[in-house]
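Novice: Sending over a structure as structure tokens; questions will come in a sec.
The values are calculated or read from the model by the stated rules, or taken from the named source; none is laboratory data. Predicted model, so just to flag it, every value in this text is computed and none were measured. Reconstructed Cβ throughout: ideal geometry from the backbone, glycine too, with neighbour counts over all protein chains shown. In case anyone asks, the SASA skips ligands and DNA or RNA and just uses the protein heavy atoms, side chains included. Shrake-Rupley method; radii C 1.70, N 1.55, O 1.52, S 1.80 Å.
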Amino acid sequence: MGRTRSNGLAGRGESAARDKGLLDEPVADEEAMGYEASGAASSRKRRRNRVTQRYSHPDGDLLDAGSEDESVDEVHPRSLPAPCLDGVVKIFCSHTGPHYSLPWQVRRQTTSTSTGCVISNGRILTNAHCVENYSVVKVKRRGDPTKFVAEVLAIGRECDLALLTVKDPLFWRGAHPIAFSSLPQLQELVTVVGFPVGGDNLSITQGVVSRVDMQEYVHGCTELLAVQIDAAINSGNSGGPAFSSQGTCVGIAFQSLKDGQTENIGYVIPTCVVEHFLEDFARDGKYSGFCDLGVELQNCENKSLRAHCGLKARESGVMVRRVHPVA
């Protein structure tokens, strides 16, 4: 009976059992359990040190794996400054598209929400498909319930960009325009900020630059330079800025690839395309578009074609097949 700990020995019975040495084995078990707990704690500490070694600061300095004062905030990359977040706005648009089968009528009105960013000279930059066939456009600042009526200044369908402005001076009070930077490098950390589906507040996702390549812009059916990232870009993220680790904008989110066979493929419009759009509007007061070379090209990938063109075995290039009459 002295060995049955579940019965809860108490008082004189427990003292007598201890005098006879019947409780020595449970005491030894408790010591063993203490050793096991200590070993588990040491194992957890080693695992925590190994996990800490996998993370590094954005500046490239490896975190100290032996420090016991590491916090979770120090492991993750530093957050964006408040002015970057204050420059992101939510756009509410009512669309009324044409009815091509019945030209004397219009289609029923639809609504959508998207994202925009404040830039210099009191303007807002967003995507063209966010305000396509617009009838009313309103914008709202982060943390402010007031919606302000916006005016569409220009729409560039080829580059999927649009420029807005708000005449009410109250909207611009405390607004910080975002700063643009150059084309990002591969594996560079980017942070996408916007108002996607799934909630009303600002959403922040992070990823890296996976590819910089010519891609087809779905809205304008035009092939321009695009930056592929693995950060989540969902419906409502369109028009939102993608920030670098220095807090500068490296592109504007505009589309993602979702065909059931791919994951984490999103695209942003690089700043070189954005600057061309802004410079075009600043020069003429309207958007003129992207020029076309006016020729048809063919890649010289075939060995026989390269030999016909007089290229060497390890040389390659493009062949001009046709020149447009008005080029």
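Novice: List the trypsin sites (Lys or Arg not before Pro) in region 158-242 that DSSP assigns to loop (not H, G, I, E or B) and whose Cβ has at most 12 other Cβ atoms within 10 Å. Which are they?
Specialist: For trypsin sites (Lys or Arg not before Pro) across region 158-242 that sit outside H, G, I, E and B with at most 12 neighbouring Cβ atoms in 10 Å, the list reads 167, 173.
Novice: Just read off the accessible area of residue 301 with the full protein assembly in place, 1.4 Å probe, to the nearest 10 Å².
Specialist: About 140 Å², ignoring ligands and nucleic acids.
Novice: Would you pull out the residues with amide H under 5 Å of residue 287's amide H, same chain only if 5 or more places away, H placed 1.01 Å from N?
Specialist: Those lying under 5 Å, H to H, from residue 287 are 155.
Novice: Let me ask you something else. Do the alpha carbons of any pairs in 140/258; 90/286; 258/286; 138/286 sit beyond 32 Å of each other, and which pairs? Spell out each step's value before the answer.
Specialist: Details: 140/258 29 Å; 90/286 24 Å; 258/286 34 Å; 138/286 21 Å.
Exceeds cut-off: 258/286.
Novice: Would you rank 291, 159 by solvent-accessible area, highest first, keeping every protein chain in place and using a 1.4 Å probe?
Specialist: Result of the area sort, largest leading: 291, 159.
Novice: Using the beta-carbon distance between residue 170 and residue 235 and R0 = 41 Å, what value does 1/(1 + (r/R0)^6) give for FRET efficiency, to the nearest 0.05?
Specialist: Calculated value: 0.90.
Novice: Would you kindly derive the ³J(HN,Hα) couplings of region 224-232 from the backbone phi angles with the Karplus curve 6.51 cos²θ - 1.76 cosθ + 1.60 (θ = phi - 60°), listing them in order in whole Hz, with x for Gly and Pro?
Specialist: 9, 5, 9, 10, 8, 10, 9, 6, 5
Novice: So how do 314, 321 rank on accessible area, 1.4 Å probe, biggest first, that is with the largest at the start?
Specialist: The ranking, largest first, comes out as 314, 321.
Novice: Residues with amide H under 5 Å of residue 131's amide H, sequence separation 5 or more or different chain, H placed in the peptide plane at 1.01 Å from N; which?
Specialist: Result for residue 131 returns nothing.
Novice: I would also like to ask the following. Taking the Cα-to-Cβ direction at residue 276 and at residue 102 and moving 7 Å from each Cα, how far apart do the two end points lie in nm?
Specialist: Once both label points are built, they end up 4.1 nm from each other.
Novice: Keeping all protein chains in position, work out how much accessible area residue 134 exposes to a 1.4 Å probe, and write it in Å² to the nearest 10.
Specialist: Its heavy atoms expose roughly 100 Å² to the probe.
Novice: Let me ask another. To the nearest 10 Å², what's residue 221's accessible area with a 1.4 Å probe?
Specialist: Spelled out: residue 221, probe radius 1.4 Å, area about 100 Å².
Novice: I've got another one for you. Could you derive backbone 3J(HN,Hα) for region 241-257 from the dihedral phi with the Karplus parameters 6.51, -1.76 and 1.60 (θ = phi - 60°), listing whole Hz in sequence and x where the residue is Gly or Pro?
Specialist: Result, ordered by residue: x, 10, 9, 8, 5, 8, x, 9, 7, 10, x, 10, 5, 8, 6, 9, 9 Hz.
Novice: Here is a follow-up. Can you work out ³J(HN,Hα) from phi for every residue in region 287-301, in order, using Karplus 6.51 cos²θ - 1.76 cosθ + 1.60 and θ = phi - 60°, giving whole Hz and x for Gly and Pro?
Specialist: Computed from phi, the couplings for region 287-301 are 9, 9, x, 9, 6, 10, 5, x, 9, 10, 10, 9, 5, 8, 8 Hz.
Novice: 5 Å is the cut-off here: which amide hydrogens, built 1.01 Å from N in the peptide plane, fall below it relative to residue 222, excluding neighbours closer than 5 in sequence?
Specialist: Under 5 Å from the amide H of residue 222 lie the amide H atoms of 217, each far enough along the sequence or on another chain.
Novice: Does region 80-157 come out rounded, prolate or oblate by the C-alpha gyration tensor, with a ≥ b ≥ c the root eigenvalues, rounded set by a/c under 1.5 and, if not, prolate when a/b is larger than b/c and oblate if not?
Specialist: Verdict is prolate for region 80-157.
Novice: Separate question: Taking the Cα-to-Cβ direction at residue 263 and at residue 290 and moving 7 Å from each Cα, how far apart do the two end points lie in nm?
Specialist: About 3.1 nm, to one decimal.
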